[in-house]
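The values are calculated or read from the model by the stated rules, or taken from the named source; none is laboratory data. Every value quoted in this text rests on a predicted model; they were computed, and no experiment measured them. Here the Cβ positions follow ideal geometry from the backbone for every residue, glycine too, while neighbour counts run over all protein chains shown. For accessibility, only protein heavy atoms count, side chains too; no ligands or nucleic acids. Shrake-Rupley method; radii C 1.70, N 1.55, O 1.52, S 1.80 Å.
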Amino acid sequence: MINALPEKGVPGEQILAELRELRGGDLPTHGGRLFAYVYDPALDGLDDLARAAHATSAHVNGLDPTAFPSLLAMENALVAAAATVLHGGPATVGSVTSGGTESLILAVKAARDAHPEIAAPRLVVPATAHAAFAKAAHYLRVELDTVPVKDLRADPVAMAAAITPETVLVAASAPSYAHGVVDPIPELAAIAAERGVRFHVDACFGGWILPYLRRLGADLPDFDLSVPGVTSISVDLHKYAYAPKGVSILLHRDEALRRPQYFAYADWPGYTMINPVISSTRSGGPVAAAFATLRSIGDTGYLELASRTREAVAMLAAAVEATDGVRLYAPPETSVVCLAADGVDLFVLADELAARGWHTQPQMAYADLPPTIHLTVTAAVRATAADFAPDLTAAVEAARARGPIELPELPPLTPEMITPELIASLAEGLGLAGGDFTQMAPVNAILNAAPPAIREALLTGFLSMLQRP
Ligand SMILES: Cc1ncc(COP(=O)(O)O)c(C=O)c1O
């Protein structure tokens, strides 16, 4: 392990060399072959610009916008841009947060705190809603009502039936992360409005590409603030706006809806703390980098990037359709290609794709949904997409030849049985102890067979094992 606190400081060149070496072990963030975690527009010079912009404001503190009006100006500009893209009106306001999860937590907090008279507030979401809603509900002690979906989309009738007098927020996705399909936002928003409940659109993933896909002719429903009844919407700039990590926008239809999002505290001897978001001290770096990214790409630039993404999605989807042994699991209507396997082990297939340089995201079985492979497609993939079909064919053939993973005999587990010792011995047995994560099929097969509570306990234990100095 590198010593982060050497007795005597180390020269900068050496430190940068060490960092480059460390980064060498990561998945490739650029190059159009990693289908999760990263969003790559493949635009020359953009990284350098964002880096330089980040450096101008890395030490600026968002705690007090009167001390650092530069940050206030940039944040207001980003909120205004998001309001334009998502058809806000003159009353639309918003906040810059650190990411999608924070935006969703704050949407839930605002809805909860708008109703202090409701002792046991509830949140209604479709089963395909992002896990960050469960986290928000957990952190904020709001009860989560998860409603089964119909053909992978929120079912308005079932969602309406789940609303109770304690419901403070209804939410849905545009699109869902797992499958990339858009929920019927106008119908859901109308139901929520009729019941007098706030309605949040989680457009964290797709909010910056759907408007451009629609301009390119994609047949997608209205999903933004143009829809009556939508009270808030979130969009992550670190996804399809291609900004470096750490920036999302939460928009509210008007200021009154945003007010309960704020936290204010003057009852202590220090400065009065007024926080619109979860962090108090926060760096201006990501905000400046996002500001530079948006201004550099511009509206026509985003349209062109969406066009490339759309072409890449069509190419990957065609490759899946043409390959015996895999099939499209969801309609590729936005920027996700989601595939299922027929007659080959999906997790072995994911490893075989990784061995050919395609890093995908396996998704476990859930309720009556089978395991699938998720591909988040970004503009960079347009340049590599043509190489996918032959590698997919070869990977399917190799997976078929290897056959399915034989699950080891494991006793029935309860979360309490999952101790650090059990995790350590499982990791050893599965070859993970040395930090080699290239053969994940046996691990994924075990996780896939486990119920969610066991999956959570196993992975929490594993992460905790990794996160030790
Ligand atoms: C639809 C959706 N909502 C929320 C999130 C959470 O975003 P973050 O990882 O930035 O917290 C994601 C992340 O992929 C997402 O796809």
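For the range 60-169, with only Lys/Arg (+1) and Asp/Glu (-1) charged at the beta-carbon, what is the dipole magnitude about the Cα centre, in debye rounded to 20? Mind showing how you got there, number by number?
Working: 7 positive and 10 negative charges, 32 e Å.
It comes to approximately 160 debye.
Please name which of 56, 174, 225 has its Cα lying farthest along the dipole of the chain towards the positive end, using unit charges on Cβ (Lys, Arg +1; Asp, Glu -1) and the Cα centre as origin.
With unit charges placed on the Cβ atoms, the residue in question is 56.
Cβ neighbours within 10 Å, averaged per peptide: list 264-271, 336-343 in order, most packed at the top. Mind showing how you got there, number by number?
Values: 264-271: 8.1, 336-343: 20.5.
Sorting 264-271, 336-343 by mean packing, highest first, produces 336-343, 264-271.
In the full protein assembly as shown, how much of residue 108 is accessible to a 1.4 Å probe, in Å² to the nearest 10?
0
Using the Karplus curve 6.51 cos²θ - 1.76 cosθ + 1.60 with θ = phi - 60°, work out ³J(HN,Hα) for each residue of the range 91-106 in order, rounded to whole Hz, and write x for Gly and Pro.
8, 5, 10, x, 9, 9, 10, 8, x, x, 4, 5, 4, 5, 4, 6
Go through the range 25-32 residue by residue and turn each phi into a ³J(HN,Hα) via Karplus (6.51, -1.76, 1.60, θ = phi - 60°); whole Hz please, and just put x for glycine and proline.
x, 7, 5, x, 6, 10, x, x
5 Å is the cut-off here: which amide hydrogens, built 1.01 Å from N in the peptide plane, fall below it relative to residue 145, excluding neighbours closer than 5 in sequence?
For residue 145, the qualifying residues are 123, 124, 125.
Name the trypsin sites (Lys or Arg not before Pro) in the range 1-72 that are in a loop by DSSP and that have at most 16 other C-beta atoms within 10 Å, would you?
Values: sites: 8, 20, 23, 33, 51; in loops: 8, 33.
Counting only loop positions with at most 16 other Cβ atoms within 10 Å, the trypsin sites (Lys or Arg not before Pro) in the range 1-72 are 8.
Can you give the FRET efficiency for residue 414 and residue 84, using 1/(1 + (r/R0)^6), R0 = 45 Å, r = Cβ-Cβ distance, to the nearest 0.05?
So the FRET efficiency works out to roughly 0.30.
With the contact rule set at Cα under 8 Å and sequence spacing of 6 or more, what percent relative contact order holds for the range 276-404? Walk me through the numbers on the way to the answer.
Values: 161 pairs, mean separation 35.3, N = 129.
27 percent.
Name the residues whose placed amide hydrogens come within less than 5 Å of the amide hydrogen of residue 326, ignoring near sequence neighbours (fewer than 5 apart) on the same chain.
Close amide H contacts, sequence-distant or interchain: 342.
So how much accessible area does residue 321 have, in Å² to the nearest 10, using a 1.4 Å probe?
Roll a 1.4 Å probe over it and residue 321 shows about 140 Å².
Taking the mean number of other Cβ atoms within 10 Å as a proxy for protection, how do you rank 305-315, 387-397, 360-370 from highest to lowest? Let's see the in-between values first.
Details: 305-315: 20.7, 387-397: 18.5, 360-370: 16.0.
Averaged packing, sorted descending, gives the order 305-315, 387-397, 360-370.
Report, in whole Å, the centroid distance computed from the Cα atoms of the range 232-269 and the range 369-388.
30
As I understand it, the dipole of the range 1-128 uses +1 on the Cβ of Lys and Arg and -1 on the Cβ of Asp and Glu, about the Cα centre. Which of 25, 93, 77 lies farthest toward its positive end?
Of the listed residues, the answer is 93.
So what is the accessible area of the chain per residue, in Å², with the probe set to 1.4 Å?
On a per-residue basis, 47 Å².
Please report, as a whole percent, how much of the solvent-accessible surface of the chain comes from carbon and sulfur atoms (probe radius 1.4 Å). List each step's numbers first, then the result.
Details: 12760 of 22090 Å².
After summing per-atom areas, the C and S share lands at 58 percent.
Please list the non-local residues whose amide H lies under 5 Å from the amide H of residue 198, H modeled 1.01 Å from N, same-chain partners needing a gap of 5 or more.
170
Please find the FRET efficiency linking residue 383 to residue 49, where r is the Cβ-Cβ separation and R0 is fixed at 35 Å, and quote it to the nearest 0.05. Could you put the intermediate results ahead of the total?
On the way: r = 21 Å, r/R0 = 0.59.
Given R0 = 35 Å and the Cβ-Cβ separation, E is 0.95.
Determine ³J(HN,Hα), in whole Hz, for all residues of the range 456-462 in sequence, where each value follows from phi through the Karplus function 6.51 cos²θ - 1.76 cosθ + 1.60 and θ = phi - 60°; x replaces Gly and Pro.
With the stated coefficients, the range 456-462 comes to 4, 5, 5, 6, 5, x, 5 Hz.
Just to be sure I understand the model, the point goes 7 Å from the Cα along the line to the Cβ. What's the resulting residue 421 to residue 463 distance in nm?
Each label point lies 7 Å from its Cα, and together they span 2.6 nm.
Relative to the Cα centre, what is the charge dipole magnitude of the range 1-140, using +1 at the beta carbon of each Lys and Arg, -1 at the beta carbon of each Asp and Glu, and rounding to the nearest 20 debye?
Numbers: 9 positive and 14 negative charges, 99 e Å.
My answer is approximately 480 debye.
Let me have the 222 nm mean residue ellipticity of the chain computed from DSSP H runs of 4+ only, each contributing -39500 (n - 2.57), with the sum over all residues rounded to the nearest 500. Mind dumping the intermediate values first?
Values: 15 runs with 188 residues, N = 469.
For the chain, the value works out to -12500 deg cm²/dmol.
In what order, largest first, do 456, 187, 352 sit by accessible area if the probe radius is 1.4 Å?
The ordering from most to least exposed comes out as 456, 187, 352.
Please give the charge dipole size of the chain, origin at the Cα centre, charges +1 on K and R Cβ atoms and -1 on D and E Cβ atoms. Round to the nearest 20 debye.
Details: 32 positive and 51 negative charges, 181 e Å.
Once rounded to the nearest 20, the dipole reads 860 debye.
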